[in-house]
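**Q** I have a structure I would like to understand better, so I am pasting it below and will then ask my questions one at a time.
Every read-out reported here was derived from the displayed coordinates using simple, explicitly stated rules and does not represent laboratory data. If you're wondering where the values come from, they're calculated on a predicted model, not measured in any experiment. Cβ placement follows ideal geometry from the backbone for every residue including glycine, while neighbour counts extend to all protein chains displayed.
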Amino acid sequence: TQAKPKYKRVMLKISGEALMGDQGFGLHPPTVERIAREVKSVRDLGVEICMVIGGGNIFRGLQGSAQGMERTTADYMGMLATVMNALAMQSALEGMGVFCRVISAIRMDEVAEPYIRRRAVRHLEKGRVCIFAAGTGNPYFTTDTAATLRANEMACEAIFKGTKVDGVYDKDPMKASDAVRYEDITYDDVLVKNLKVMDASAIALARDNDLPIIVFSLDEPGGFRGILAGEGTYTIVH
Ligand code: UDP
């Protein structure tokens, strides 16, 4: 008998870089497929899934503006990059028979649905994965904030932040071998200690709405599903 999943509706946030594999840039379709399989395995538990994918594998507004581009234009380019990533994920999920909608914060009706909250909720109720693209639709924000915003709007019970490591550490575990992982930590500690979980505005938005953030490793096969089944290592920010 399958235990009841820990949460009924969740937001999965991944960075654009998670989709580039070892290439250093852009999209690596086998990597997109690997992540899509992880998503499908959680969908198969009956969990309703929202997703936000960053755009950093293609374009980051801050980098563009540091090189002389006008900031808001550069940010719109970053938002468009997230749409490409969302379409790649949609394609991989649909290839596995998972019904899926890309919902864009910037209207582009030929490419993706516009964001209409009640309609998105309906998709979730019908078991479709909703990928929220184009961030919040506003420059000066990040996809971490977009994920937190949509998670609140969709009444998700938690945000799953997929990273390269299995939680939040007191120092960078890639650099320091004595880094210690937190089992759980408060939003305020994340902010005060300036730990790299999500950017400060996203953490504050999660805190103000009591939305737990679960930081886990996307590189661990079956890890996402395991946490929903009550196993595995991760850090919960709450
Ligand atoms: N962006 C934006 N508003 C948003 C979300 C994203 O302007 O609401 C732009 C911003 O320029 C950002 C880029 O889109 O650098 C890509 O998003 P992000 O850096 O969050 O991607 P990630 O680091 O998660 O891959």
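**Q** Which of E157, E125, E17 ends up with the largest GNM mean-square fluctuation for the chain, with Cα atoms connected below 10 Å?
**A** Sorting by GNM fluctuation, first place goes to E125.
**Q** Right, another one. I'd like to know how the chain sits against the 2.2 N^0.38 Å rule of thumb: what's its Cα Rg over that expected value?
**A** 0.96
**Q** Among I214, I53, I185, rank each residue by its count of other Cβ atoms within 10 Å, from fewest to most, as a rough exposure measure.
**A** Lowest count first: I185, I214, I53.
**Q** Report the one residue of M69, F99, F160 whose Cα lies farthest in the direction of the positive end of the charge dipole of the chain (charges on C-beta: Lys and Arg +1, Asp and Glu -1; origin at the Cα centre).
**A** The listed residue farthest towards the positive side: F99.
**Q** What relative contact order, as a whole-number percentage, does segment 102-238 give when Cα pairs under 8 Å and 6 or more residues apart are counted?
**A** 23
**Q** Let me check against my output: what whole-number percent is the relative contact order of segment 9-237, with C-alpha pairs under 8 Å and at least 6 apart?
**A** 21
**Q** Another one. Which of the pairs K126/K164; K4/K196; K4/K171; K40/K196; K175/K196 have their Cα atoms more than 25 Å apart in this structure?
**A** K126/K164; K4/K196; K4/K171; K40/K196
**Q** Work through the residues other than G61 whose Cβ is under 9 Å from its Cβ and net out their charges, Lys, Arg +1 and Asp, Glu -1.
**A** +1
**Q** Further, regarding this structure: Only four residue types carry charge here, +1 at the Cβ of Lys and Arg and -1 at the Cβ of Asp and Glu. Report the dipole size of segment 126-225 about the Cα centre in Debye, rounded to the nearest 20.
**A** 420
**Q** Considering only the other residues whose Cβ falls under 14 Å of the Cβ of T143, what net charge follows from Lys and Arg at +1 and Asp and Glu at -1?
**A** 0
**Q** While we're here: Let me check I've understood the local charge: for L87, count other residues with C-beta under 15 angstrom from its C-beta, Lys and Arg +1, Asp and Glu -1. What total comes out?
**A** Here the count lands on -4.
**Q** Now, a different point. For segment 14-57, what is the relative contact order in percent, using Cα pairs closer than 8 Å and at least 6 residues apart in sequence?
**A** The normalised contact order for segment 14-57 reaches 58 percent.
**Q** A further question follows. Go through 172-181, 54-63, 113-122, 35-44 and give me the packing order, highest mean Cβ count within 10 Å leading.
**A** 54-63, 35-44, 113-122, 172-181
**Q** Once you have a ≥ b ≥ c as the square roots of the Cα gyration tensor eigenvalues for segment 34-120, tell me rounded if a/c is under 1.5, and otherwise prolate or oblate according to whether a/b is larger than b/c.
**A** Cα axes put segment 34-120 in the prolate bin.
**Q** Indicate the gyration tensor shape class of segment 112-164 (rounded, prolate or oblate), computed on the Cα atoms with a ≥ b ≥ c the square roots of the eigenvalues: a/c under 1.5 is rounded; otherwise a/b larger than b/c is prolate and the rest oblate.
**A** Since a/c reaches 1.5 but b/c is at least a/b, the shape of segment 112-164 is classed as oblate.
**Q** Hey, in the GNM for the chain with a 10 angstrom Cα cutoff, which one of G95, G68, G135 fluctuates hardest?
**A** Answer for the Gaussian network model of the chain: G68.
**Q** Using the Cα centre of segment 9-237 as origin and beta-carbon charges of +1 (Lys, Arg) and -1 (Asp, Glu), tell me which of H123, G230, H28 is placed farthest towards the positive end of the dipole.
**A** Among H123, G230, H28, the one farthest towards the positive end of the dipole of segment 9-237 is H123.
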